[in-house]
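One structure below.
The values are calculated or read from the model by the stated rules, or taken from the named source; none is laboratory data. This is a predicted model, so every value here is computed, not measured. Cβ: placed from backbone, ideal geometry, glycine included. Neighbour counts: every protein chain shown. Note: areas computed on protein heavy atoms with side chains; ligands, DNA, RNA excluded. Shrake-Rupley method; radii C 1.70, N 1.55, O 1.52, S 1.80 Å.
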Amino acid sequence: MAEPIHLTTAIFYCNGTPHVGSAYEALAADVFARCQRRRRGRAQVSFLSGTDEHGDKIRRAAIAEGLTPKAYTDKMSVLFRDAFAGLNIDLDYWVRTTDAVHEKFVQQMLLATRAQGNIEFKEYEGLYCVGCERFYTEKELLPGNLCPTHNTPVELIRESNYFLKIDRFREQVRDLIKRDQLLIRPERYKNEALNMLAEPLSDLCISRPKARMDWGIELPFDGNYVTYVWYDAFWAYVSEPASRLGLDEFMRDRWPHTEHFIGKDILKTHAVYWPAILMAAGLPLFRSLNVHGWLNFGGSRMSKSSGNVRDPVTYEQAFGPDVLRYFVMREVVYGLDGDFSEERLTDRYNADLANDLGNFTSRVLAMAQRYFNGEITQVPKLESAADATDLIGTAAHKLSACFGVDGAALDRKVIAAVDNLDFKGALETIWQTLDAANKYIVATAPFSLAKDPEKMPQVAQILANLLEALRVIADALEPFMPVTARKIFAMLKVDDATARLPYGEGLKPGHQVNPPVALFPRREKPAAA
RNA sequence: GGCGGCGUAGCUCAGUUGGUUAGAGCAUGCGGCUCAUAUCCGCAGUGUCGUAGGUUCGACUCCUACCGCCGCCA
């Protein structure tokens, strides 16, 4: 049996509504998860996401809306969960850091960490920015002791807090990253992480005095404090599954095969603090960090202040299911920043989805209907002659090569690309197959042969080959476009098991397919802004 | 200040250890087909490969400087 694997998105801080950027991360992880499920079986994959709901910013956002923090996060968390559900992100766990199970688990980890002697209580004094909710060193500040992000004066605060002695784990973490035991990819981020671990780390503050901020999890060993929100949120990756499966079992079987999907902005916390936090609690580490870039909008950073935040659900409703999924996976190189705009979305939609995928589906099913009333009368079999010199032989061979001698080559290539986080490459491979299939139609011209009754067996063979190609293409597409794949399977009238078979083993003579239904009607481009 | 990345066709980008006429997709133009969602197929391009030097028989590919953009660390 394949080893179990645990996949996570970051835990989203829910002081604002979900936008296309947060959706992008969850979409990449979802495509990855679906590929893993195909390989390992559903039970062997746990895919987790959720909302980070403590801390001062949440508390203040709640006050601004006249709600209690809990009521506010109840509302916000559902917004995220529903947005992801609307994008067909198929989660096994939806964790909220205000869930009782989670809070209890964090307290358990705090006790374990303290028992290992990795927590220190000490008094210190520092320059604090209320807006940032953090302390600054003098050289980080702007002239006049102003906060670099808020441009407001910082306050000198003296207080006592609990600290994690993280530097004692630094060498070990650095070594693991260097040897790819803790894999950080793409590689550029591995180098950045190693850089961050080159200098000694100062103790990590993990508490906040309730007197200053009480919206958090109470420390089990000191009722005057709550945990600092960052520390609390990391454990969302672990709390619910560990509680459900048993901590020891989860840590032994599944946790070491964990892949975190995160944005580049939280690389430091995940490459430096999180491993140290786990070690300080006496727990094993996860396997890898899959770091993505930002999704910009029309060339500039998507942010609430610039007012160009885009709601993913809007696009899902306007363009139809799977379109946003397709766009971000096809357009963005994982790890690098990408650009999102309605114009580019429309271009991709028309060129790739309407013209290529949609039209191919339509023409093949229409011919099957027109010439044979939807019945398949031949066994799909592409003549594969590498030495073919004529147009038909060459086209047949090229299409056949996409599926390989065992009929499973497309699936293999897609899975390999996704393993490598090359979502774009995976889709390009599928589209090359679509391209080869369109060329095969032109080369064989079944619509011309059909004018001669004696050539109908040939036409039947060509259509059987094409319908089978459509089936395999839809199957390869399923992790990326689950709704579309299901629509195609419905038109082809194949069940789930048949849908997954290699080329040549799926559709059989006597099988009846449905007439086409347009998958992606062409769209007018938005008026130039 | 330290480290690193990027700058290739109108747009988005590929270009492997330096080697024949620098590639793909989209957009553009022309031709073909008509099964199909005015779709599909073929052909045609266009580029001083950021700038200036250097190494080499030969550099987009290596070295140096500079210009521009960006990231991380401090």
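Hey, what number do you get for chain A at 222 nm if only DSSP H runs of n ≥ 4 count, each worth -39500 (n - 2.57), divided across all residues, to the nearest 500? Can you show the working numbers first?
Numbers: 21 runs with 235 residues, N = 529.
The helix-only estimate for chain A comes to -13500 deg cm²/dmol at 222 nm.
Determine ³J(HN,Hα), in whole Hz, for all residues of the stretch A:266-279 in sequence, where each value follows from phi through the Karplus function 6.51 cos²θ - 1.76 cosθ + 1.60 and θ = phi - 60°; x replaces Gly and Pro.
10, 4, 4, 4, 8, 8, 10, 6, 4, x, 5, 4, 5, 4
Can you compute the FRET efficiency between A:Arg168 and A:Lys268 using 1/(1 + (r/R0)^6), with r the Cβ-Cβ distance and R0 = 22 Å? Round to the nearest 0.05.
Calculated transfer efficiency: 0.75.
For A:Arg363 paired with A:Ser384, estimate the spin-label separation in nm (one decimal), with each label point 7 Å from Cα along the Cα-to-Cβ line.
About 2.4 nm separates the two model spin labels.
For A:Glu120 and A:Arg344, calculate 0.36 nm times their separation in residues minus their Cα-Cα distance, and state this gained length in nm to one decimal.
That pair, A:Glu120 and A:Arg344, stretches by 75.4 nm at full extension.
Rounded to whole Hz and in sequence order, give me ³J(HN,Hα) for the stretch A:458-467 from the Karplus expression 6.51 cos²θ - 1.76 cosθ + 1.60, θ = phi - 60°, writing x for Gly and Pro.
Taking θ as phi minus 60°, the curve returns 5, 4, 4, 5, 4, 5, 4, 4, 6, 5 Hz for the stretch A:458-467.
What longest range of chain A stays clear of loop-exposed trypsin sites (Lys or Arg not before Pro) (DSSP non-H/G/I/E/B, at most 11 other C-beta within 10 angstrom)?
A:1-178
Relative contact order for the stretch A:342-499: what is it in percent, counting Cα pairs under 8 Å that are at least 6 residues apart?
For the stretch A:342-499, the relative contact order is 25 percent.
Using Cα pairs under 8 angstrom and six or more residues apart, how large is the relative contact order of chain A, in percent? Walk me through the numbers before you get to the answer.
Numbers: 863 pairs, mean separation 80.2, N = 529.
Answer for chain A is 15 percent.
Determine ³J(HN,Hα), in whole Hz, for all residues of the stretch A:105-111 in sequence, where each value follows from phi through the Karplus function 6.51 cos²θ - 1.76 cosθ + 1.60 and θ = phi - 60°; x replaces Gly and Pro.
5, 4, 4, 4, 5, 5, 5
Could you do me a favour and compute the accessible area per residue for chain A, 1.4 Å probe, result in Å²?
42
Of A:Lys122/A:Lys165; A:Lys381/A:Lys455; A:Lys190/A:Lys268; A:Lys439/A:Lys493; A:Lys104/A:Lys210; A:Lys75/A:Lys264, which pairs sit farther than 20 Å apart, going by alpha carbon to alpha carbon?
Details: A:Lys122/A:Lys165 12 Å; A:Lys381/A:Lys455 17 Å; A:Lys190/A:Lys268 11 Å; A:Lys439/A:Lys493 25 Å; A:Lys104/A:Lys210 18 Å; A:Lys75/A:Lys264 28 Å.
A:Lys439/A:Lys493; A:Lys75/A:Lys264, as the Cα separations exceed 20 Å there.
In chain A, carbon and sulfur make up what percent of the accessible area (probe 1.4 Å)?
Numbers: 11350 of 22310 Å².
It is 51 percent, rounded to a whole number.
Could you tell me the accessible area of A:Thr389 in Å² (1.4 Å probe, neighbours in place), rounded to the nearest ten?
Counting only protein heavy atoms, A:Thr389 exposes about 130 Å² to solvent.
Once amide H atoms are built 1.01 Å from N in the peptide plane, which residues 5 or more positions from A:Phe286, or in another chain, come under 5 Å H to H?
Close amide H contacts, sequence-distant or interchain: none at all.
Quick check: convex hull over the Cα atoms of the stretch A:325-418, volume per residue in Å³, rounded to an integer? Walk me through the numbers on the way to the answer.
Values: hull volume 15.3 nm³, N = 94.
Expressed per residue, the convex hull around the Cα atoms of the stretch A:325-418 is 162 Å³.
Take the Cα gyration tensor of the stretch A:394-529, multiply each eigenvalue by 5, square-root it, and list the three semi-axes largest first, rounded to whole angstrom.
Equivalent ellipsoid of the stretch A:394-529: 25, 20, 16 Å, largest first.
Amide H neighbours of A:Tyr225 under 5 Å, counting only residues 5+ apart in sequence or on other chains, H built in-plane at 1.01 Å?
A:Lys210, A:Leu219
Counting pairs of Cα atoms in chain A, how many percent are more than 40 Å apart?
Numbers: 46475 of 139656 pairs.
Roughly 33 percent, rounded to a whole number.
Whose amide H sits under 5 Å from the amide H of A:Phe47, counting only residues 5 or more places off or on another chain, with H placed in the peptide plane?
A:Leu7, A:Asp92, A:Tyr93
Starting from the residue with the highest accessible area, list A:Val364, A:Val333 in decreasing order, probe 1.4 Å.
From most accessible down to least: A:Val333, A:Val364.
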